[in-house]
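Please read the structure below before turning to the comments.
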Amino acid sequence: MRSLSAVPIRLAQSLRSFGYIWRSLRRSRQGTIGLLIVIVHMFIAVASPYIVPYSHHDIDGKNRLAAPSVEHPFGTDSFGRDLFTRVLLGGRAAIGVALLAAAIAVLWGGLLGILLAFIGGRVDEVAMRLIDALLAIPGLLVVLLVVAALGTGFGVLTLTLGYAYGVSTVRVARGAALAYVASDFITAARARGERKTNIVMRELIPNLLDVLLVEYVMRASWALTAISSLSYLGFGIAPPTPDWGRMVFENQVILAVHPWGTLFPVLALASLIIGINLAGDALSKAIGLDRSQEAPT
Amino acid sequence: MSQKLLEVEGLTTGFRARAGQFVKVVRNVSLSMGRGETLGLVGESGCGKTTFGMTLLGHLRPGGQVLAGSVRFEGVDLFSLAPHELASIRGQRVAVIPQSASSALTPTMRVGEQIAEVLALHLGLAGAESQERVLDLLTQVHLPQVEELVRRFPHELSGGQLQRVAIAMGLAGTPELLVLDEPTTGLDVTTQAHILDLLREIQESTGTAMLYISHDMGAIARVCDRLAVMYAGEIVEDGGIAEVFADPVHPYTRGLLGSVPRLSYAGLPQAMAGRPPAPGQDALGCAFVPRCAFADETCKTVDPILEPTDRAGTIPHLVQCHHWQRVVASGTSGQMQDLKAGIDQGLQPEPLLDLAEVDITYAKRGLAALVARWRGEPEPPLTVSSFTITIHRGETLALVGESGSGKSTIARTIAGLLPPRAGRIDFGGQDLASTVESRPAKMHHRIQIIFQNPDASLNPRHTVKQILDAPLRLYFEMDQKGRLDRSGALLEEVRLTPQYLERHPGQLSGGEKQRVAVARAFAAEPDLVLCDEVTSALDVSVQAAVLELLAGLQADRGAAYLFISHDLAVVRAIADRVAVLYQGRICEVGPVADIYAPPYHPYTETLLAAVPEPVPGARAQLLAKDVQEAEPPARGCCFQRRCPRRIGSICDDETPPSQFASDGHVIRCHIPLEELRESQVDLISAANIPTHGIVADGQ
Ligand SMILES: Nc1ncnc2c1ncn2[C@@H]1O[C@H](COP(=O)(O)OP(=O)(O)OP(=O)(O)O)[C@@H](O)[C@H]1O
Ligand code: SF4
Ligand code: SF4
Ligand SMILES: [Mg+2]
């Protein structure tokens with residue numbers, strides 16, 4: 001029990017060394033810009049319900065397909081709904097799903113990868129074969145199948161994406177953990193007679209927190225892209241909840257006559273994804289990993 | 001021809017720190033080298049030796065810059081040359097042999113091709129001419145079967161052979177100056193002795209000048225004519241090797257020489273206090289002030305300059321110290337201390353750990369072993385075979401032998417990390433289970449292990465407090481406050497202060513890290529501490545301090561040590577008994593005094609003869625061949641293939657008998673003890689006298 005209560009403290013102590021990562025992140029101009037973009041988006045996602053001028057389903061019947069004006073800064077859509085309101089609110093669901101799905105992915109994938117590296121031997125070998133087999137199935141395909149079968153609830157989306165990204169996180173976490181498993185300080189802990197849970201929690205995980213952090217940021221960025229694509233295809237966030245991907249789909253047919261309905265959601269989505277990637281790249285450079293080689297699944 | 005080969009004048013180099021500020025690494029160094037001269041450069045780690053050595057090739061590490069002075073090679077200032085001009089000098093007329101031979105060689109390229117590449121680059125050789133030269137070079141460095149060897153990849157060579165290939169590559173351009181950066185660090189004594197001998201021979205036959213960078217005084221004494229001592233980026237003493245060794249005038253040189261353990265003395269030298277200043281701490285006056293017993297107000301305010309002394313000698317003897325006359329007048333330096341003085345020898349020895357007929361193998365187990373057998377793969381020979389030994393309470397048993405002899409393997413087995421294939425292990429009169437997991441929790445604290453490399457054995461994410469807390473939390477019922485107090489007290493015991501509790505390992509020096517590792521082991525209040533090469537990653541000055549600490553703790557706590565080392569001088573200082581291991585088999589075991597006097601087992605004799613004593617002119621006795629055996633022979637004596645005294649087929653066929661030379665002193669050899677005693681010289685006292693190889697065999 002003692003060891004469990006110590007976990008938060010230990011986590012905080014390990015996070016203190018992130019002060020250094022934070023500083024090197026800030027030193028890179030791209031990292032700083034990315035971080036700023038992400039912060040602005042997060043602020044909007046949290047605060048938008050309190051600051052939007054209209055409700056997302058309010059219809060202004062006289063002003064359909066209006067161009068930007070003082071009344072409607074981004075214009076209105078074909079129903080006469082305020083686009084500014086819908087764009088501000090349109091990221092909330094997708095960001096929520098992405099953050100949660102990435103957290104689930106890193107939690108189970110990271111933990112499993114670390115454990116496999118630690119256990120090693122036959123168990124590791126068999127499990128990794130299995131993971132490789134799962135990796136051979138494209139993640140998005142799995143998500144599509146599940147969504148087609150179970151419908152597009154918030155929970156279904158989060159869990160399936162969390163599963164799909166977790167599979168590749170297993171590999172990353174295992175690889176990172178392998179570098180430490182054979183090191184003398186782990187051997188020292190084993191020779192001391194430490195219990196296995198203690199070795200993993202106290203000795204191994206603190207050394208992997210930074211890798212997992214980068215992993216989380218990158219997975220969140222990919223998950224966001226995935227959800228928006230799904231929404232665009234009609235398998236993601238379901239109406240009436242406003243969503244960028246869905247808005248692009250709804251408004252693209254009238255792109256030529258009324259570009260605003262497509263332009264603003266695209267800008268919002270693109271800026272967030274670019275922001276996360278800039279921050280993520282700077283973050284991984286700051287802690288000596290380079291993820292630019294790796295492709296999303 | 002009056003021109004010197006190399007002239008360095010007032011050289012100052014630095015690295016850019018922040019905005020316009022430089023951290024000076026090499027400071028105002030003036031030094032010259034004549035043709036064919038061999039100059040040794042010594043100093044503790046971080047003193048700027050490598051940085052200086054690289055400037056002789058006109059090379060600076062990224063961010064480095066020459067702030068003042070010049071390096072002239074045959075009158076040409078290297079740092080004023082255009083890149084292509086520099087390239088024609090570098091590698092050809094000045095070559096470097098780096099510390100780690102394996103890093104200098106490309107792992108995926110055959111060694112012959114790599115040398116040919118150098119030849120093509122510098123001499124424009126190609127085809128048959130190049131091939132011939134490659135074979136010549138490899139023969140020159142005494143590699144065997146060169147025609148076959150050129151086709152091997154670096155990983156198919158032993159450490160000593162790799163270093164020879166690296167030397168051959170350095171020689172490929174027939175350079176006039178060779179810069180050698182710690183070329184033998186990390187090699188076995190026997191291999192090292194062969195490499196040193198080779199260097200001396202090359203120097204004599206080709207007349208190549210050499211700058212030999214090392215912290216190993218013994219190696220320097222063997223190779224060099226002249227010695228320069230570097231401290232905090234400055235040359236503090238420079239003179240003929242014999243003069244400097246016999247009569248060092250700078251307090252730092254005295255400290256360094258004094259902290260080298262000597263085979264010829266049964267004690268450990270006095271550790272030098274303090275450590276070198278970190279680069280960038282430029283203070284007024286002499287940089288050595290904080291560590292100097294002779295320092296006074298003048299030293300703190302006036303920079304000493306490098307000036308000639310009036311000492312006689314063939315080479316001018318220079319020193320940078322205000323008070324060198326006083327230093328000389330103060331008499332001899334470096335007293336030896338008897339590490340075992342504090343330990344009560346009167347007690348009846350009580351066995352603590354008993355290993356009987358232990359076999360250890362890294363071969364596959366269980367299902368994998370069955371599969372391997374079914375596929376007809378031959379079973380690999382035992383890494384350790386019939387290992388029998390007793391460690392008594394409070395004693396230090398040293399385990400010596402070359403790399404790969406199975407020393408660490410035995411420690412891992414005792415620690416319960418690698419179960420033995422066969423045999424019995426008793427601890428404190430009870431059977432000891434073969435894995436940590438199967439040992440009772442109450443047992444765990446009694447056996448502790450300290451590793452060679454403290455960088456790897458301390459978790460970089462933990463603070464010293466967390467590191468010391470781990471064993472306390474695990475083994476003792478203590479509250480948090482109690483554990484914190486105990487951690488502080490432990491730090492005091494290893495001569496650190498409780499201020500260190502909040503630091504991470506990255507914020508400690510090598511010696512400090514190893515002290516923390518020692519403190520962690522002693523936090524458990526162990527009966528037995530397994531020390532695996534605990535000082536070999538440390539500077540001599542730090543090594544002496546850590547050994548002193550270990551001896552002191554043993555005197556206070558009465559713990560027994562299994563002390564694994566390849567340094568026979570250190571072993572002589574710290575051990576009570578010694579076991580000599582070859583290919584996982586014990587050749588000789590006995591009390592320390594008996595091991596270091598004839599009769600020796602032929603393998604012990606080989607090891608002792610190879611130790612480089614810091615005595616100028618002394619040369620290694622290369623008794624056995626420089627080969628690393630991949631696996632032990634199936635029958636007979638384990639040392640048969642390399643033994644210089646092999647008596648015939650009996651050695652190949654029959655296991656040598658255990659002969660008792662005295663109480664508890666066993667030698668496993670077919671040669672009768674009397675015969676061994678008569679034919680062997682006392683290598684310890686002989687080590688002081690320059691000698692030449694009896695059976696020189698450079699292969
Ligand atoms: N994990 C392993 N798997 C297979 N073989 C191993 C393993 N570890 C060590 N060996 C082999 O066992 C033998 C003994 O190795 P060990 O590390 O015990 O030697 P050592 O005497 O401690 O050497 P050194 O002085 O270099 O530390 C060597 O031949 C080595 O290659
Ligand atoms: S100058 Fe002074 S401080 Fe420096 S070495 Fe000489 S006596 Fe010591
Ligand atoms: S038994 Fe033979 S081979 Fe072995 S050490 Fe003795 S003489 Fe040498
Ligand atoms: Mg070892």
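What is the magnitude of the charge dipole of chain B about its Cα centre, with +1 placed on the Cβ of each Lys and Arg, -1 on the Cβ of each Asp and Glu, and no other charges, expressed in debye to the nearest 20? Present the calculation step by step, with values, prior to reporting the outcome.
Values: 63 positive and 82 negative charges, 341 e Å.
The dipole of chain B has a size of about 1640 debye.
What is the local net charge at A:SER28, summed over the other residues whose Cβ is closer than 9 Å to its Cβ (Lys, Arg +1; Asp, Glu -1)?
Details: positive: A:ARG26, A:ARG27, A:ARG29, A:LYS285; negative: A:ASP281.
Spelling it out: positives minus negatives among the neighbours equals +3.
Which order, highest average first, do B:578-590, A:273-285 follow once you tally other Cβ atoms within 10 Å for each residue and take the mean per peptide? Please report the intermediate quantities before stating the final value.
Working: B:578-590: 24.8, A:273-285: 21.2.
Final packing ranking: B:578-590, A:273-285.
Looking at B:HIS84, B:LEU199, A:ILE137, which one has the Cα that reaches farthest to the positive end of the dipole of the protein assembly as shown (charges on Cβ: Lys, Arg +1; Asp, Glu -1)?
So the residue furthest toward the plus end is A:ILE137.
Given Cα pairs under 8 Å that are at least 6 residues apart, what percent is the relative contact order of the stretch B:351-579?
Numbers: 394 pairs, mean separation 62.9, N = 229.
Relative contact order of the stretch B:351-579: 27 percent.
Based on alpha-carbon centroids, what's the gap between the stretch B:269-320 and the stretch A:137-188 in Å, whole number please?
61
In the stretch B:10-90, which GluC sites (Glu not before Pro) fall in coil by DSSP and have 15 or fewer other Cβ atoms within 10 Å? Kindly include the intermediate steps, with their values, before the conclusion.
Numbers: sites: B:GLU37, B:GLU44, B:GLU74, B:GLU85; in loops: B:GLU37, B:GLU44, B:GLU74.
Filter output for the stretch B:10-90: B:GLU74.
Could you tell me the calculated FRET efficiency between A:ILE137 and B:ALA356, based on Cβ-Cβ distance and R0 = 51 angstrom, to the nearest 0.05?
0.35
Counting only DSSP beta bridges with both residues in the protein assembly as shown, tell me the antiparallel percent, nearest 5.
On the way: 56 of 91 bridges.
Roughly 60 percent of the beta bridges in the protein assembly as shown run antiparallel, per DSSP.
With charges only on Cβ, +1 for K and R and -1 for D and E, what is the dipole size of the stretch B:351-579 about its Cα centre, in debye, rounded to 20? Walk me through the intermediate numbers first.
Values: 26 positive and 28 negative charges, 119 e Å.
Here the size comes out at about 560 debye.
What ranking do B:351-363, A:207-219, B:295-307 get when scored by the average of other Cβ atoms within 10 Å per residue, highest first? Don't skip to the end; give the middle numbers.
On the way: B:351-363: 17.8, A:207-219: 22.5, B:295-307: 13.6.
Top of the packing list down: A:207-219, B:351-363, B:295-307.
At 15 angstrom or more along the helix axis (alpha-carbon based) and mean Kyte-Doolittle of 0.5 or higher, what helices does chain B contain? Whole DSSP H runs only. Numbers along the way, then the final one.
Values: long enough: B:111-123 (18 Å, 1.06); B:127-140 (20 Å, -0.46); B:159-171 (18 Å, 0.70); B:189-206 (25 Å, -0.09); B:464-475 (18 Å, 0.30); B:480-493 (20 Å, -1.09); B:510-523 (20 Å, -0.16); B:540-557 (25 Å, 0.85).
Once both thresholds are applied, what remains is B:111-123, B:159-171, B:540-557.
Under the classification rounded if a/c is under 1.5, otherwise prolate if a/b is larger than b/c and oblate if not, where does the stretch B:28-129 fall, given a ≥ b ≥ c as square roots of the Cα gyration tensor eigenvalues? Don't skip to the answer; put the middle values down first.
On the way: a/c = 1.93, a/b = 1.48, b/c = 1.30.
It is prolate, given that a/c is not under 1.5 and a/b is the larger ratio.
Only helices at least 18 Å long along their axis, Cα-based, and averaging 0.0 or more on Kyte-Doolittle count here, so list those DSSP H runs from chain A.
On the way: long enough: A:2-16 (22 Å, 0.18); A:29-51 (32 Å, 1.50); A:92-119 (40 Å, 2.26); A:121-136 (23 Å, 0.73); A:154-181 (37 Å, 1.09); A:205-233 (40 Å, 1.09); A:260-286 (38 Å, 1.31).
Taking the DSSP H segments of chain A (at least 18 Å long, mean hydropathy at least 0.0), we get A:2-16, A:29-51, A:92-119, A:121-136, A:154-181, A:205-233, A:260-286.
Roughly how crowded by other chains is peptide B:436-446, in terms of the mean Cβ count from those chains within 10 Å of each of its Cβ atoms? Intermediate results must be reported in sequence, preceding the final value.
Details: counts 5, 4, 0, 1, 1, 2, 1, 1, 4, 2, 0.
The per-residue average across the peptide is 2.
Here are some pairs, B:LYS4/B:LYS49; B:LYS407/B:LYS465; A:LYS196/B:LYS442; which of them have Cα atoms lying more than 24 Å apart in this structure? Don't jump to the answer; show the numbers that get you there.
On the way: B:LYS4/B:LYS49 21 Å; B:LYS407/B:LYS465 31 Å; A:LYS196/B:LYS442 17 Å.
B:LYS407/B:LYS465, as the Cα separations exceed 24 Å there.
Answer with one residue from B:LEU105, B:LEU157, B:HIS59: the one whose Cα lies farthest towards the positive end of the charge dipole of the stretch B:15-172, charges on Cβ with Lys, Arg +1 and Asp, Glu -1.
Looking along the dipole axis, the top candidate is B:HIS59.
Kindly work out what percent of the DSSP beta bridges joining two residues of the stretch B:351-579 are antiparallel, to the nearest 5. All intermediate terms of the calculation are to be shown ahead of the outcome.
Working: 13 of 29 bridges.
Percentage antiparallel, nearest 5: 45.
Show me, bin by bin at 10 Å from 0, the whole-percent P(r) of the stretch B:351-579 based on Cα pairs.
So the P(r) values, bin by bin, are 8, 31, 34, 20, 7, 1.
For the protein assembly as shown, what does the helix formula give at 222 nm: sum of -39500 (n - 2.57) over DSSP H segments with n ≥ 4, over the residue count, nearest 500 deg cm²/dmol? Could the numbers behind the result be given before it?
Working: 39 runs with 444 residues, N = 996.
Dividing the helical sum by the residues of the protein assembly as shown leaves -13500 deg cm²/dmol.
Is there a simple number for the mean count of other chain Cβ atoms within 10 Å of the Cβ of residues in B:469-475, and what is it? Intermediate values should be presented prior to the final figure.
Numbers: counts 2, 8, 5, 0, 6, 6, 2.
Average per residue, whole number: 4.
Mind checking the dipole of the protein assembly as shown: about its Cα centre, +1 per Lys or Arg Cβ, -1 per Asp or Glu Cβ, Debye to the nearest 20?
Numbers: 88 positive and 100 negative charges, 725 e Å.
Dipole magnitude for the protein assembly as shown comes out near 3480 debye.
Projected onto the charge dipole of chain B (+1 at Lys/Arg Cβ, -1 at Asp/Glu Cβ, origin at the Cα centre), which of B:LEU683, B:ALA128, B:VAL611 gives the Cα projection farthest towards the positive end?
Working it through, the farthest residue towards the positive pole turns out to be B:ALA128.
Compute the whole-percent fraction of alpha carbon pairs in the protein assembly as shown spaced more than 39 Å apart. Numbers along the way, then the final one.
Working: 279834 of 495510 pairs.
In whole percent, the long-distance tail amounts to 56.
Take the alpha carbon atoms of chain A, find their radius of gyration, then divide it by 2.2 N^0.38 Å using N residues; give the quotient. List each step's numbers first, then the result.
Details: Rg = 22.1 Å, N = 297, 2.2 N^0.38 = 19.1 Å.
Ratio of Rg to 2.2 N^0.38 Å for chain A: 1.15.
Other chains' Cβ within 10 Å of A:187-200 residues: what's the mean?
6
Mind running the shape call on the stretch B:69-131? Use the C-alpha gyration tensor, a ≥ b ≥ c as the square roots of the eigenvalues: rounded below 1.5 for a/c, prolate if a/b tops b/c, oblate otherwise.
On the way: a/c = 3.10, a/b = 1.64, b/c = 1.89.
Oblate shape, in that a/c is at least 1.5 and b/c is the bigger or equal ratio.
Under the definition of Cα pairs under 8 Å and six or more residues apart, what whole-number percent is the relative contact order of chain B? Walk me through the numbers on the way to the answer.
Numbers: 1417 pairs, mean separation 93.5, N = 699.
It rounds to 13 percent for chain B.
How high is the relative contact order of chain A? Use alpha-carbon pairs under 8 Å, at least six apart in sequence, and give a whole percent.
Values: 404 pairs, mean separation 79.8, N = 297.
Computed value for chain A: 27 percent relative contact order.
For chain B, just say rounded, prolate or oblate: build the C-alpha gyration tensor, square-root its eigenvalues into a ≥ b ≥ c, call rounded for a/c under 1.5, and beyond that prolate if a/b exceeds b/c, oblate if not.
On the way: a/c = 1.63, a/b = 1.24, b/c = 1.32.
Cα axes put chain B in the oblate bin.
Please report the net charge: other residues with Cβ closer than 14 Å to the Cβ of B:ARG495, K and R +1, D and E -1. Intermediate results must be reported in sequence, preceding the final value.
Working: positive: B:ARG275, B:LYS513, B:ARG515; negative: B:GLU492, B:GLU493, B:GLU512, B:GLU548, B:ASP556.
Here the charged neighbours net out to -2.
Summing Lys, Arg as +1 and Asp, Glu as -1, what charge do residues with Cβ under 13 Å from the Cβ of A:PRO68 carry, A:PRO68 excluded? Working shown, then result.
Values: positive: none; negative: A:GLU71, A:ASP77, A:ASP82.
Cβ neighbours under 13 Å give a net charge of -3.
Estimate the FRET efficiency between B:ARG151 and B:THR174 by the formula 1/(1 + (r/R0)^6), using the beta-carbon distance for r and 35 Å for R0, to the nearest 0.05.
So the FRET efficiency works out to roughly 0.90.
A short reminder: the numbers here are calculations on the coordinates, not readings from a lab. What you see is a predicted model, and the numbers here were worked out from it, not measured in a lab. Cβ atoms come from the backbone with ideal geometry, glycine included; neighbour counts cover every protein chain shown.
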